[in-house]
Amino acid sequence: MGMNNTPASDRIHIGFFGKRNAGKSSVLNAVTGQNLAVVSDVKGTTTDPVYKAMELLPLGPVMMIDTPGIDDEGELGALRMKKSYQVLNKTDVAVLVVDGTAGLSREDEELLCKIREKKIPCAIAWNKADMEKAGETEGTERTGLETGTAGGEENAAGCSAEPGVLDGIPVLPVSAVTKEGIRELKECLARLGQTEENDLRIVGDLLSPMDFVVLVVPIDKAAPKGRLILPQQQTIRDVLETGATAVVVRDSELKETLEGLGKKPKMVITDSQAFGRVSADTPEDILLTSFSILFARYKGELEPMVEGVRALDEIRDGDKILVSEGCTHHRQCDDIGTVKLPRWIREYTGKEPEFVFTSGTEFPDDVTEYKMIVHCGACMLNEREVKYRMKCAKDQGVPMTNYGITIAYIHGILKRSLEPFPQIEALLE
Ligand SMILES: Nc1nc2c(ncn2[C@@H]2O[C@H](COP(=O)(O)OP(=O)(O)OP(=O)(O)O)[C@@H](O)[C@H]2O)c(=O)[nH]1
Ligand code: SF4
Ligand SMILES: [Mg+2]
């Protein structure tokens, strides 16, 4: 089935937020047409974010996320709220579900503030419209969902918004029970989720049709069985899309392959871990770079990450270094972050820094205690989440870099691997 082939990190993340019992889980179920999330009249039913990858027409591959209520009480409640706010960091489109019979609350307003601050496209689902209707006098039939009309504007200050717009955010009356307004909500989400076509390429913009590119993929025990990892697949795909030729080899076959190719390749792209050997086996007149550098550039992070790695030269004994991984099940990352990287950093700096590790969705809000942050390749995180983490670091003045760039820097090959990008290479001078 095609729909499961889109990597989670490339899916548009749609998060449903709101107070307990507003009907977040119910509206999510109605939008997806599936019973994905548990619904009940007990407040606080959803205690952990629930993720579901699916195809949502007319938008395409999405990640639907149900969240715990943002008005929870007590210590456990605070923890649940924190989880919801963490989801917000990776949300591309937010749906604020409001119990229309109760109106907009202080918690809703606070969330809207955050959503605006983060510039997340948002819609308000004014839920339980079926109940509202029961209380209405006959003949006051609403005209529906004229998104963009000024009708709701005057509600901005008050708490009794009606269908229309609230501070530029569309407000849609829906009922998870009768399904009224659900189709309109879906269409609205599709509009909000449309990202500007970006023409960023992984490597294609550096190639011409019929160029040869040699990709070096070590098949060691850390490599997943029976397949290539996603960044490798995506790079091959991008090479092919350009009309260039991808030759894929292990590091052990690179030298002979280059000799036997009969044509000088435009570029060699290697896994960072094999950089040492690959650099030695690749003649100086062939451009050499790594998957992680290409991906950092693709995500717009190459420059800050290259700047960030220089903090290694200022490390002293006892300085704290945060090593952060994007997921908790990471066969392909194996012991790089926890074992090898700390060893290499100790060897390179000749110092004894203190390493602190986080993984998965944990990423500290306050990173001021760290001298630098070394993040994994973040292949499982979506763009918004990575940008959020980088912004945290930047706002607090903490240099941040990634594994691949750190490994290349420590082994003295970063400069060479930046050759295809002269402006960024210049940062190392
Ligand atoms: N009449 C009516 N009831 C609804 C509607 N949507 C949800 N409900 C009811 O409201 C209650 C709460 O719904 P949930 O979907 O569990 O609410 P939630 O926001 O996910 O709540 P928590 O997970 O506890 O934060 C349930 O009893 C639902 O049946 C609606 O559109 N109309
Ligand atoms: S690079 Fe990060 S997100 Fe990707 S598998 Fe490794 S630890 Fe997980
Ligand atoms: Mg729920």
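Just so you know, all these numbers are worked out from the coordinates, no wet-lab data involved. Quick caveat, the model's predicted, so the values are computed rather than measured. Neighbour counts are summed over all protein chains in view; Cβ atoms, including those assigned to glycine, are modelled from backbone coordinates with ideal geometry.
Once the Cα-Cα distance is subtracted from the 0.36 nm per residue extended length, the Q233 to D199 segment shows a gain of 10.4 nm. The modelled label-to-label distance between T368 and S208, using points 7 Å beyond Cα along the C-beta direction, is 5.4 nm. Considering only V309, V177, V93, the Gaussian network model of the chain with Cα springs below 10 Å gives its largest mean-square fluctuation to V177.
Under a Gaussian network description of the chain, with springs only between Cα atoms under 10 Å, the residue in G60, G318, G168 that fluctuates furthest is G318. Of V356, V217, the sequence from fewest to most neighbouring Cβ atoms within 10 angstrom is V356, V217. Here the calculated FRET efficiency for K43 and A222, from their Cβ-Cβ distance with R0 = 41 Å, stands at 0.35, rounded to the nearest 0.05. Which one of A78, A129, A408 has the biggest mean-square fluctuation once the chain is modelled by GNM with Cα springs under 10 Å? Highest fluctuation of the listed residues: A78.
In this simple spin-label model, placing a label point 7 Å from the Cα along the Cα-to-Cβ direction at both K114 and R316 gives a separation of 3.7 nm. For the chain, adding -39500 (n - 2.57) for each run of n ≥ 4 DSSP H residues and dividing by the number of residues yields -9000 deg cm²/dmol at 222 nm. Sorting E385, E362 from the fewest to the most surrounding beta carbons within 10 angstrom yields E362, E385.
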